[in-house]
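Step one of this worksheet: look at the structure below.
Each reported figure results from applying straightforward, stated rules to the coordinates on display, with no laboratory input. Since the structure is predicted, the reported quantities are computational estimates derived from the model, not experimental observations. A quick note on method: Cβ atoms are made from the backbone with ideal geometry, for glycine too, and the neighbour counts reach across all protein chains shown.
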Amino acid sequence: MTPARILKIDVHAHILPRNWPNLALKYHDARWPWIDHSGGKHVIYKDGRFFREITSNTWDAQLRIDEYARHQIDVQVISTVPVMFSYWAEAIPALEFARALNDHVAQVCRDYPRNYAGLGTLPIQAPDLAVKELERCMHELGLQGIQIGSHHGSINLDHPSLFPIFEAAEALGAAVLVHPWEMMGSETMPKYWLPWLVGMSAEQARAFCCMVFGGVLERLPKLRVCFAHGGGAFPYTLGRIEHGWRMRPDLVQVTSKASPRDALKSVYVDSCVHDLQALKYLIEVMGAERVMLGTDYPFPLGEQIPGDLISRLGTDPVSAARLYAGSALEWLGLNEDRYASF
């Protein structure tokens, strides 16, 4: 008898509409990202200059399904590209932008319910509006949660202004994906793509530490948080972080006494670490029940063969099922019956 194929869910896949409101033109502010499709290319501009060229698999829902099918991956959990966060913007335009992006994500999920689940974006610089948009995402749009950046401006994820957003996410049963953006140190390391190679991992360690040491996870034990890119540097520098927590409680344990190692039991990470040994270590530290398939599709820093690292683990079927889908369903608050027809 042929064994049943394991359901596979990619929790970290980015999407954009082919077109979105050009707020740079509307508000006469070049900081807003906008897209130009002329000349046969698809180019995002931001701050009045080239940001990134993208391809049609960034928005073509059926093309994405076809590409994933080649790797036997069934479901994409889609979220916007971090450049779209626009946390610098004034509240009302930021909400306008977020709503347009969230409407698009929700439409894709409605059109292809067997292949997509969705995470919204919020104007977290305006917490009251962010909570209302979170409620709309969950109640009206039927999304599974939200994606937020690792900080905004000088405000980290332990800041009191952001707590109502996390509190609402817990109450609504919304999954939270923390994604690095505006990488620290970018001004001092402009060469060699270092903000993405070094700063991105540091961003996740910063976000992780702030949520642990700031008591966010302790105060909201039912909050379901995933740190993208394998949690960045946090799992791999856990020994140093925990040592500092023990040796300098006067500096580290000023808000919460929660152990950073114990905090690992209450969060999730994706598998997007690009190295088999790194993934083995991540699973050893976190446990398979806290690690989920994630690819960062469709970008160059993403896993180019989705699911490749997990497939190379050679793990037992139970652990494989957990890594490919079990943890993701739990994080998203979904039932496997939704995808039983695969």
Quiz prompt | Shape category assigned to the range 119-259 from the gyration tensor of Cα positions, a/c cut at 1.5 | solution = oblate
Practice problem: Provide the net charge surrounding Val176, with neighbours chosen by a C-beta distance below 11 Å and charges set as Lys +1, Arg +1, Asp -1, Glu -1. | Solution: 0
Quiz prompt | Dipole in debye (nearest 20) - the chain, about Cα centre, beta carbon charges: Lys, Arg +1; Asp, Glu -1 | solution = 340
Quiz item: Is any residue of the range 60-81 close enough, with backbone N under 19 Å, to a label point placed 7 angstrom from the Cα of Arg114 along the Cα-Cβ axis, and if so, which?
Solution: 61-78
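Can you give the extra length, in nm with one decimal, that the chain gains between Tyr281 and Glu135 once fully stretched, where that is 0.36 nm per residue apart less the Cα-Cα distance?
Between Tyr281 and Glu135, full extension yields 48.9 nm more.
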Quiz item: Local charge sum around Asp158 (other residues, Cβ-Cβ under 15 Å, Lys/Arg +1, Asp/Glu -1)?
Solution: 0
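On a 21 Å Cα-Cα criterion, which of the cross-link pairs Lys26/Lys46; Lys8/Lys41; Lys8/Lys280; Lys8/Lys222; Lys46/Lys191 come out too long? Don't skip to the end; give the middle numbers.
Working: Lys26/Lys46 14 Å; Lys8/Lys41 32 Å; Lys8/Lys280 19 Å; Lys8/Lys222 25 Å; Lys46/Lys191 19 Å.
Exceeds cut-off: Lys8/Lys41; Lys8/Lys222.
Less than 13 Å Cβ to Cβ from Gly185, Lys/Arg counted +1 and Asp/Glu -1: what total charge do the surrounding residues give? Intermediate values should be presented prior to the final figure.
Numbers: positive: Lys191, Arg206; negative: Glu182, Glu187, Glu203.
Spelling it out: positives minus negatives among the neighbours equals -1.
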Self-check item: Projected label distance in nm at Ala100 and Asn19, using a 7 Å step from Cα toward the beta-carbon
Solution: 1.1
Self-check item: For the range 1-119, Kirkwood radius (reciprocal of mean inverse C-alpha pair distance, Å)
Solution: 15.6
Quiz item: Once a ≥ b ≥ c are taken as the square roots of the eigenvalues of the Cα gyration tensor of the range 184-324, is the result rounded (a/c under 1.5), prolate (a/b larger than b/c) or oblate (a/b not larger than b/c)?
Solution: oblate
Quiz prompt | Over the chain: helical MRE at 222 nm, DSSP H runs n ≥ 4 each giving -39500 (n - 2.57), nearest 500 | solution = -9500 deg cm²/dmol
Quiz prompt | Convex hull projection area averaged over all views, the chain, Cα basis, nm² | solution = 17.6
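Once R0 is set to 22 Å, what does the formula 1/(1 + (r/R0)^6) return for the Cβ-Cβ distance between His274 and Asp66, expressed as a FRET efficiency to the nearest 0.05?
On the way: r = 24 Å, r/R0 = 1.10.
Between His274 and Asp66 the formula returns 0.35.
Ranked from highest to lowest mean number of other Cβ atoms within 10 Å per residue, what is the order of the peptides 302-312, 114-124? Please list the in-between numbers first.
Working: 302-312: 18.1, 114-124: 24.7.
Order by mean packing, descending: 114-124, 302-312.
P(r) tail for the range 1-71, what percent of Cα pairs lie past 18 Å? Don't skip to the end; give the middle numbers.
On the way: 1306 of 2485 pairs.
For the range 1-71, the share of Cα pairs beyond 18 Å comes to 53 percent.
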Exercise. With 10 Å bins from zero, work out the P(r) of the range 57-160 over every alpha carbon pair and list the percent per bin.
Key: 15, 44, 28, 12, 1
